[in-house]
Structure formats: C-alpha cells, structure tokens
Amino acid sequence: MKPVRRAGVVIKPHASGVADLIIALTGYFSAKGIGVVLEQAAAEKAGRPDGLPRDLVPSASDLIVVLGGDGTLLSVAHQAARAGIPVMGVNLGSLGFLTEVPVAEMELSLDALLADGTNVRPRMMLESTFRGETELALNDIVLNKTARARMIQYAVSVDGREIAKLRADGLIAATPTGSTAYSLSAGGPILHPSVPAIILTPICPHTLSFRPTVVSSDARIRVELRTPGEEAFLTLDGQRGGEIGGDDAIEIRKAGVELLLVTSPKRNYFGLLQEKLRWG
C-alpha cells in the first residue's frame, strides 16, 4: 500500500451526524499532515468551496473514507479498486456489511491503517464484458427482467460448457463479499470473503432443479439471453447498468484488481455476521 498523503471523503448527504464527522475527520488528517479531498456534498457540509465530483475523488486520493452505508461505498468501489487505494466504510446506517466500522472505532481503524496496514483486507471483484465494454463489480452482476416483462430465458455456460438453460426472473453472479447482499435474499449461500469462488444464484427460477451454484473464482462464465423480443436489465452492484436485448450475451470472470477494504481491528467476519444477521 502506498503512503497516504491525501484522504478522500465521500458521504451519504442526509445521514445523521455526517457534518460533525466530516469536521472530525478533517481535523484528524490535518493533525497527521494528510491533505483532505472532499466530494462536493461533503464540501458543502463543511462550508468549503473546493469539493470534487464523486467520480473524481478516487484518482485524487490515496485513501477513501466513506461516511454512510453500503450503497455509498459501492458507488466508489470500482474506481478505488482500479486506482489501487484502500476504502474504509464508516457505518451511519443500520445493516452495513461493507461499511462495517462503527463511528466509535473510526480513529482506531485509521490509526491501524496508517501504522502498518494490517487491517486492510483484499476483496475479490468481478469483471463483466458486454458489447465490448468492461465493468467492475464488488458485490454482484445481476441480469433481471424488466418490470413489465415475463420471465426471461437464458443459458449459463462455465468454462465453455453449457450447464443450464432455464426460465427465471433473472440471475445473480456474486462474489463472496456479495454473498450477504442480493444473492442471500434470493436463497444463495454465505461465503467467507477469502473463499476463491463465484456464486450463481437464479432469481425465482421456473424449475426446482437449478439451485444456487458455487464455481471456482477462475471460472469463465457466459450468460446468453434467449428471449427474442424481450428486454432485460444488466446491473452492477445495484448502481450502474442498463437495458440489454433479448439475444445478447454477458461474459463474467474474476477481475484482475481487488478492492482494499479497511476493517476495524476489534472485529472479525463472523462477529460481523452475528451482529448484522442477529445469529444467536
């Protein structure tokens, strides 16, 4: 990990207490001689005129601190992974599997990061190729029917071999990190983030035989739509995407970059599951 000389701050603007946290973070980094790069919404909260558009913050920073929820973190994860900079999510919401650092442990987590970086955990990303365009996702790549469409038909191939043809509302290709997101709601398994795998979870399939399936992270996955005349949506991390035609194909594989996620030294993954899913 490269030295942190500039820390970016991205926020959920309407989160409770976010303005005070921006001031606290700015003071923390200033005391350590680290410059602060604020996105526009954060700059407005702090009364500063120098805010940047959110999509420019990763390239101007050596670290990003997200004040908000998982959706806010996902909005910058793909750019941070490409830039090779760590991201720390401070949870200002309720669930928060990615923004796992509570406010009370924010400075403790930053201290550990700046001291030796041992609380940085690499997270696998997925890469999708569609119509010649390549995009990254941290949680999942989702193929879904449109609001007015009937079930869509598609075929799934792994490493060049067709493994299933089915009618369903869609398909989720998820990373282990994304196993606790949409895939879990659709009946998929929970995987530890260190497991090298990709989860394929059908959405409301019109069959009982194709169940959520875990394949190697080295697998090359191809999803072919076979619904002429119908349209579907391709969505990455619930943030980006668009319509696709009824005979298009999507290629999915492990990305060549990872997200460097900053965690709290006081927490571990199973403790996070116990807390968020109320186990026990």
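Looking at Leu273, Ser59, Ala81, which one has the Cα that reaches farthest to the positive end of the dipole of the chain (charges on Cβ: Lys, Arg +1; Asp, Glu -1)?
Most positive-ward Cα: Leu273.
Pairing the Cα long axis of helix 18-31 with the longest principal axis of the chain, what angle in degrees results, from 0 to 90 and rounded to the nearest 10?
Computed tilt is about 60 degrees.
Place the peptides 259-269, 72-82 in order of packing, highest mean first, counting for every residue the other Cβ atoms within 10 Å and averaging per peptide.
Numbers: 259-269: 19.1, 72-82: 23.6.
Going from most to least packed, we get 72-82, 259-269.
Could you work out the local net charge near Glu100, counting Lys and Arg as +1, Asp and Glu as -1, over the other residues with Cβ closer than 14 Å to its Cβ? Spell out each step's value before the answer.
Working: positive: Arg121, Arg123, Lys266, Arg267, Lys276; negative: Asp70, Glu105, Glu275.
That works out to +2.
What is the total of Lys pairs in the chain with C-alpha atoms under 28 Å apart, excluding same-chain pairs fewer than 8 positions apart?
Count of close lysine pairs: 15.
Once you have a ≥ b ≥ c as the square roots of the Cα gyration tensor eigenvalues for the chain, tell me rounded if a/c is under 1.5, and otherwise prolate or oblate according to whether a/b is larger than b/c. Could you put the intermediate results ahead of the total?
Details: a/c = 2.15, a/b = 1.85, b/c = 1.16.
The shape class here is prolate.
Using a Gaussian network model on the chain with a 10 Å cutoff between Cα atoms, which of Leu113, Leu208, Leu143 fluctuates the most?
Of the options given, Leu208 has the highest mean-square fluctuation.
What percent do you get for the relative contact order of the range 1-41 when only Cα pairs under 8 Å and 6+ apart count? Write down the numbers at each step before the final one.
Numbers: 34 pairs, mean separation 24.5, N = 41.
Relative CO of the range 1-41 lands at 60 percent.
Test of understanding: in a Gaussian network model of the chain with alpha carbons linked when under 10 Å, which of Arg211, Arg161, Arg240 would top the mean-square fluctuation ranking?
In this elastic network of the chain, the residue with the biggest mean-square fluctuation among Arg211, Arg161, Arg240 is Arg161.
Could you work out how far helix 106-115 tilts from the main Cα principal axis of the chain, as a 0 to 90 degree angle to the nearest 10?
Here the helix axis deviates by roughly 90 degrees.
Give the angle, between 0 and 90 degrees and rounded to the nearest 10, that separates the Cα long axis of helix 70-83 from the longest principal axis of the Cα atoms of the chain.
90 degrees
Explain nothing, just the number: dipole magnitude of the range 126-256 about its Cα centre with +1 on each Lys and Arg Cβ and -1 on each Asp and Glu Cβ, in debye rounded to the nearest 20. Present the calculation step by step, with values, prior to reporting the outcome.
On the way: 14 positive and 16 negative charges, 76 e Å.
For this selection, approximately 360 debye.
Report the residue, chosen from Asp70, Asp140, Asp247, that carries the largest GNM mean-square fluctuation when the chain is represented by alpha-carbon nodes joined by springs under 10 Å.
Judging by the Gaussian network model, the answer is Asp247.
Every read-out reported here was derived from the displayed coordinates using simple, explicitly stated rules and does not represent laboratory data. Please read these numbers as outputs of a predicted model, since none were measured by experiment. Ideal geometry is used to build each Cβ from the backbone, glycine not excepted, and the neighbour counts take in all protein chains shown.
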